[in-house]
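Taking it in order: structure first as structure tokens, then the write-up.
The values are calculated or read from the model by the stated rules, or taken from the named source; none is laboratory data. Note that the structure is predicted; figures quoted are calculated from it, not measured. We place every Cβ from the backbone using ideal geometry, glycine too, and count neighbours over all the protein chains shown.
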Amino acid sequence: MGVRFVMVGGFLGAGKTTTLARLARQYQARGHRVGLVTNDQAHDLVDTNNLRSQGFAVQEVPGACFCCRFDDLVNRVGALESSERPDVILAEPVGSCTDLVATVVQPLKDLYAGRFAVAPYAVLFKPSHGLKILAGGKSGFSPKAAYIFTKQLEEADAIVVNRIDEIAPEELDRLSELLAERFPGTPVLKVSALTGAGFEPLVELLDQDGGFGRKILDIDYDTYAEGEAELGWLNSSVRLDSTAGFPLDSLLIAVVNGLQAVLNRLGGEVAHLKVIGQDDGGAFGVANVVSGDSPAKLSLASGSTAREADLIVNARVAIDPDMLDAEVKRIVSDECAKLGIVPTFLQSQSLRPGRPVPTHRYATAK
């Protein structure tokens with residue numbers, strides 16, 4: 001049957017990395033060897049570092065989405081096959097990418113039918129923005145960015161509502177009604193990647209074979225490209241030094257809170273904002289926020305009092321990327337000053353993603 005290829009999509013901040021980590025542990029508990037492939041616009045990705053810190057074998061496809069780096073995706077999977085001999089590959093696409101059935105799932109099923117057994121394509125639903133988008137309210141994003149969100153759900157074999165531990169029962173019921181109205185016939189699963197609630201039905205879905213991965217979108221690439229470009233992208237790395245030592249986790253939360261506050265003031269809606277820190281002993285922490293009005297969370301605690309550490313800020317925000325870059329440097333510098341830390345900014349990349357140009361695009365399902 002070949003290696004099981006499981007790609008889990010979803011919008012920025014939907015919880016894909018946490019979901020893939022939990023899925024990886026569940027497959028490992030079955031005795032399967034697992035490899036993971038991450039994807040974003042640059043090297044030294046937050047998600048790659050996060051997953052590797054948890055002991056997983058990870059390759060990354062940087063520089064563009066899987067659809068535009070299809071051959072790189074296959075090559076990175078090949079590297080995992082050589083080093084890990086995996087039974088399962090878990091793949092995390094860029095959160096602002098859609099049309100993945102036509103540009104990734106179908107080419108894998110057609111061109112590599114003997115090598116990969118492609119699982120049903122599940123897409124995570126992000127409640128903090130999704131409920132507002134489906135209900136026609138103000139989400140903080142333009143209609144073009146919201147277009148990407150809804151197209152992701154349209155091509156899903158199953159919609160997976162994540163973060164049910166954060167949703168009131170009546171809100172979850174309303175959300176279920178809206179999804180049934182908007183995407184009739186598409187199964188809806190409800191999970192918490194944080195607690196593991198609802199994961200057994202998700203794994204059972206991903207184990208299935210059959211007529212999956214066949215929803216070819218009718219999509220306007222002009223709208224898609226403009227919507228993605230509105231979400232300014234930043235990846236910034238900083239070296240931290242302190243003679244007295246500092247609480248790494250407290251710094252991560254302070255940076256996220258500071259950035260969220262200033263971006264709200266500037267009118268830049270947060271799609272996702274992740275800050276990771278790793279001290280020289282290998283202790284690793286992650287703080288994140290997934291919208292302008294959601295609370296910051298320490299999703300992975302390092303427990304470290306560090307003298308030296310590396311910090312990476314990864315953000316997708318509806319704001320000019322140069323302004324985003326300047327605010328990141330200001331907030332990091334301010335928070336470091338409060339704790340007696342000397343920051344050295346090593347690398348900062350900010351951009352608006354270019355127009356997607358898929359390597360392959362199937363007009364009909366094979």
*Restricting the search to the range 327-364, which residues are surrounded by fewer than 17 Cβ atoms within 10 Å (Cβ to Cβ), at pLDDT 95 or above, out of contact with any Asp or Glu (no Cβ under 9 Å at 6 or more places or on another chain) and at negative phi?*
329, 330, 333, 334, 337, 338, 339, 345, 357, 363, 364
*Do any residues in the range 313-336 that are in the same structural domain as residue 284 (by TED's automatic domain parsing) and under 14 Å from residue 270 (Cβ atoms) have Cβ atoms under 6 Å from those of residues that are surrounded by fewer than 24 Cβ atoms within 10 Å (Cβ to Cβ) and of a type in the set (Asp, Glu), where the two are at least six apart or on different chains, and which pairs are they?*
318/230; 318/269
_Options 303, 292: the member that is closer than 30 Å to residue 227 by Cα and surrounded by fewer than 24 Cβ atoms within 10 Å (Cβ to Cβ)_ = 292
*Check whether at least one residue in the range 249-262 is over 22 Å from the mean Cα position of the chain (by Cα), among the charged types (D, E, K, R), modelled with pLDDT of 95 or more and surrounded by fewer than 24 Cβ atoms within 10 Å (Cβ to Cβ), and report yes or no.*
no
*asked:* Let me confirm something: among 344, 364, which residue is assigned to a strand (DSSP E or B), more than 19 Å from the chain's Cα centre (by Cα) and of a type in the set (Val, Ile, Thr)?
replied: 344
*Looking at residue 315, is it part of a strand (DSSP E or B), at pLDDT 95 or above and surrounded by 21 or more Cβ atoms within 10 Å (Cβ to Cβ)?*
no
*Filter the range 261-274 for residues that are over 11 Å from residue 291 (Cβ atoms) and in a strand (DSSP E or B) and give the result.*
274
*Where residues in the range 191-221 are over 24 Å from residue 113 (Cβ atoms) and crowded, with 16+ Cβ neighbours inside 10 Å, which of them is modelled with the lowest pLDDT?*
194
*Within the range 15-50, can you find the residues that are among the polar types (S, T, N, Q) and either within 20 Å of residue 299 (Cα to Cα) or at pLDDT below 95 (or both)?*
17, 18, 19, 26, 38, 39, 41, 48, 49, 50
*Confirm whether residue 277 is farther than 18 Å from residue 54 by Cα, within 19 Å of the chain's Cα centre (by Cα) and not in a helix (DSSP H, G or I).*
no
*Might you check whether a residue that is free of Cβ contacts under 8 Å to residues at least 60 places away in the same chain, surrounded by fewer than 20 Cβ atoms within 10 Å (Cβ to Cβ) and of a type outside the set (Val, Ile, Thr) occurs anywhere in the range 84-93?*
yes
_Which residue is surrounded by the most Cβ atoms within 10 Å (Cβ to Cβ), if the candidates are limited to the range 233-243 and must be modelled with pLDDT of 95 or more and not basic (Lys, Arg)?_
238
_I'd like to know if the range 38-52 contains one or more residues that are under 26 Å from residue 283 (Cβ atoms), touching a Lys or Arg at 6+ places or on another chain (Cβ under 6 Å), in the same structural domain as residue 151 (by TED's automatic domain parsing) and not small (Gly, Ala, Ser)._
yes
*Would a scan of the range 41-50 turn up a residue that is closer than 24 Å to residue 212 by Cβ, surrounded by fewer than 19 Cβ atoms within 10 Å (Cβ to Cβ) and either without any contact (Cβ under 8 Å) to a residue 60 or more places away in the chain or of a type outside the set (A, V, I, L, M, F, W, C) (or both)?*
no
*For residue 94, are the conditions met, namely being among the β-branched types (Val, Ile, Thr) and more than 18 Å from the chain's Cα centre (by Cα)?*
no
*Of the conditions (1) modelled with pLDDT under 95; (2) under 30 Å from residue 117 (Cα atoms); (3) charged (D, E, K, R), residue 274 clears all except one; give me its number.*
(2)
*Criterion: over 21 Å from the mean Cα position of the chain (by Cα) and not basic (Lys, Arg) - qualifying residue of 243, 195*: 243
*Taking the range 268-281 only, how many residues are over 16 Å from residue 47 (Cα atoms), touching a helix residue (DSSP H, G or I) at 6+ places or on another chain (Cβ under 9 Å) and not charged (D, E, K, R)?*
2
